[in-house]
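The values are calculated or read from the model by the stated rules, or taken from the named source; none is laboratory data. Note that the coordinates shown come from a computational prediction; the quantities given were computed from them, not determined experimentally. All Cβ positions, glycine included, derive from the backbone under ideal geometry; neighbour counts span all protein chains shown. When the accessible area is computed, the model is the full protein with side chains, heavy atoms only, and any ligands, DNA or RNA have been set aside. Shrake-Rupley method; radii C 1.70, N 1.55, O 1.52, S 1.80 Å.
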Amino acid sequence: MAVPGILRRQPANRGLVSHCTHHHIVVFLLTFFSYSLLHASRKTFSNVKVSISNQWTPSCLNSTAPELQPYELWNSSHLFPNAEEATLFLGTLDTIFLFSYAVGLFVSGIVGDRLNLRWVLSFGMCSSALVVFSFGTLTEWLHFYNKWFYCCLWVVNGLLQSTGWPCVVAVMGNWFGKAGRGFVFGLWSACASVGNILGAFLASCVLKYGYEYAFLVTASVQFAGGVIVFFGLLTSPKEVGLPELGADEDEASVEEDANRPLMGSDDVDDDDRNYSIQAADNDNEPKAIGFFQACCLPGVILYSLAYACLKLVNYSFFFWLPFYLSNNFGWKEAEADQLSIWYDVGGIIGGTIQGLISDVLQKRAPVLAVSLLFAVGSLFGYSRSPNSKPINAVIMAITGFFIGGPSNMISSAISADLGRQDLVRGSSEALATVTGIVDGTGSVGAAVGQYLVSLIQENLGWMWVFYFFILMTSSTILFISPLIVREVRMLLHERRLRMLAE
């Protein structure tokens with residue numbers, strides 16, 4: 001009996017290896033480290049919150065401040081009467097950053113699909129580095145402390161940093177096709193976690209000289225990375241004469257259906273599959289998809305809402321974990337920074353393994369559901385972690401595996417799936433827009449969450465913060481439940497067909 005096309009599967013990495021060149025490796029590394037540097041500069045802020053809080057309260061005044069007038073504007077570092085209000089303002093800065101970052105993502109995705117991705121990415125990296133330097137280093141050198149100035153700088157930083165993710169995902173989507181995308185993007189999406197580790201390492205190394213040097217080091221490295229990206233990044237295979245990714249996948253689909261987009265429905269008629277959301281265009285250059293058209297693509301809204309809940313939890317660990325370890329257990333800030341790395345290690349391993357499993361199944365949602373169910377248990381366990389660094393590190397890594405892994409998959413591999421499904425076959429310029437929508441919605445949720453975390457912690461304590469995380473993780477499962485049901489049914493249907501074929 002002939003085996004239906006839906007059942008003919010090739011090994012996940014066979015097509016990937018056969019088409020991989022040194023250009024693919026260079027693109028992988030450049031996009032990986034460019035976003036790692038962006039995340040490192042963000043991580044610096046979370047790693048030095050205790051030092052900043054001490055600097056902004058009366059207990060730690062600058063005796064070496066120059067006598068500039070007016071004194072309150074230039075020389076007073078005690079912005080807040082106590083550490084609690086300083087902590088609340090730090091949470092407000094996180095919220096401000098993420099809100100502006102979210103707005104920027106919606107815009108940057110559209111801009112990235114219309115301008116050169118290399119220019120947009122390089123501009124964002126270099127400009128953001130200058131803002132980070134001004135925020136953490138220049139203000140401390142000048143002993144200039146002003147809440148409104150900090151807020152304005154962090155709004156600008158959020159807008160500039162938002163250029164990173166849509167651009168790097170779009171570039172990766174241009175170079176790497178469906179074959180092995182879950183594994184490749186799972187491995188590649190570790191760039192955020194590597195950036196967190198790098199930021200924590202750099203901050204802990206120079207924190208003894210003052211928190212301003214942590215900002216100085218990460219900003220300098222990020223600026224240098226932006227210059228390298230400008231001169232070295234290739235945004236698509238056609239820049240070096242290689243065939244377009246879409247053409248390769250179309251040829252492969254004639255031989256077998258292994259590269260079928262994971263987001264496509266199996267019960268859609270052939271006439272519907274030939275439908276393109278783009279009007280027929282005689283020009284060779286595809287037009288960029290519209291924002292509202294991208295929102296209407298199957299799965300975009302559900303995954304965006306799910307990512308809003310999940311990114312809230314993931315970024316709360318990102319922003320508050322070192323502070324929690326110092327505040328709850330009384331550990332030194334540098335030790336807390338180094339220990340927080342284990343959460344990112346778990347996220348790296350989780351994203352890679354779960355991406356590989358989703359490649360084998362050719363389904364993403366069931367893998368996410370299982371991981372998130374375990375995440376609920378790991379959050380409950382971590383909330384009761386004892387005052388022991390080895391035990392805390394182990395439970396932290398497990399929590400990162402089950403939370404960071406799904407977060408990496410949604411923001412990278414699944415966003416690429418959504419941007420390259422059947423309805424946009426006529427427009428390869430949808431990747432950055434779709435990625436911006438998913439990540440932008442996620443950042444809105446994360447922005448609201450950072451203020452809520454500081455508010456819940458101040459009034460109810462850290463245990464209720466973890467209950468809040470469990471609620472948000474459960475909401476993530478709820479939002480993708482229709483996709484889970486559909487993909488599980490498809491897996492069962494494929495299994496029945498396979499058994500009949502035998």
For the stretch 92-161, shape from the Cα gyration tensor axes a ≥ b ≥ c, cut at a/c of 1.5 then a/b versus b/c, turns out oblate
Rank these by accessible area, largest first, 1.4 Å probe: Lys332, Lys363. Lys332, Lys363
Tell me whether the stretch 429-497 comes out rounded, prolate or oblate; compute the Cα gyration tensor, take square roots of the eigenvalues as a ≥ b ≥ c, and use a/c under 1.5 as the rounded threshold. oblate
By per-residue mean of other Cβ atoms within 10 Å, what is the highest-first order of 121-132, 154-165, 466-477, 307-318? 307-318, 154-165, 121-132, 466-477
Please list His22, His493 from largest to smallest accessible area, probe radius 1.4 Å, with all protein chains kept in place. His22, His493
Using a 1.4 Å probe on the protein heavy atoms, what percent of the accessible area of the stretch 95-234 belongs to carbon and sulfur? 80 percent
Report the label-to-label distance for Arg495 and His23 in nanometres (one decimal), using points 7 Å from each Cα along the Cα→Cβ vector. 4.3 nm
Sort 32-42, 84-94, 443-453 by packing, meaning the average of other beta carbons within 10 Å per residue, with the highest value first. 32-42, 443-453, 84-94
Burial order of peptide ranges 455-462, 223-230 (average beta-carbon count within 10 Å, highest first): 223-230, 455-462
If the limit is 25 Å between Cα atoms, which of Lys49/Lys311; Lys147/Lys389; Lys43/Lys208; Lys208/Lys311; Lys238/Lys363 go over it? Lys147/Lys389; Lys208/Lys311; Lys238/Lys363
Quick one: how many Å² of Arg496 are accessible to a 1.4 Å probe, rounded to 10? 140 Å²
Relative contact order (percent) for the stretch 305-407, with alpha-carbon contacts under 8 angstrom and 6 or more residues of separation? 41 percent
Rounded, prolate or oblate, given the Cα gyration tensor of the stretch 309-385, with a/c below 1.5 counting as rounded? prolate
Round to the nearest 0.05 the FRET efficiency obtained for Asn387 and Glu458 when R0 = 22 Å and r is the Cβ-Cβ distance. 0.50
Accessible area (Å², 1.4 Å probe, nearest 10) - Leu500: 120 Å²
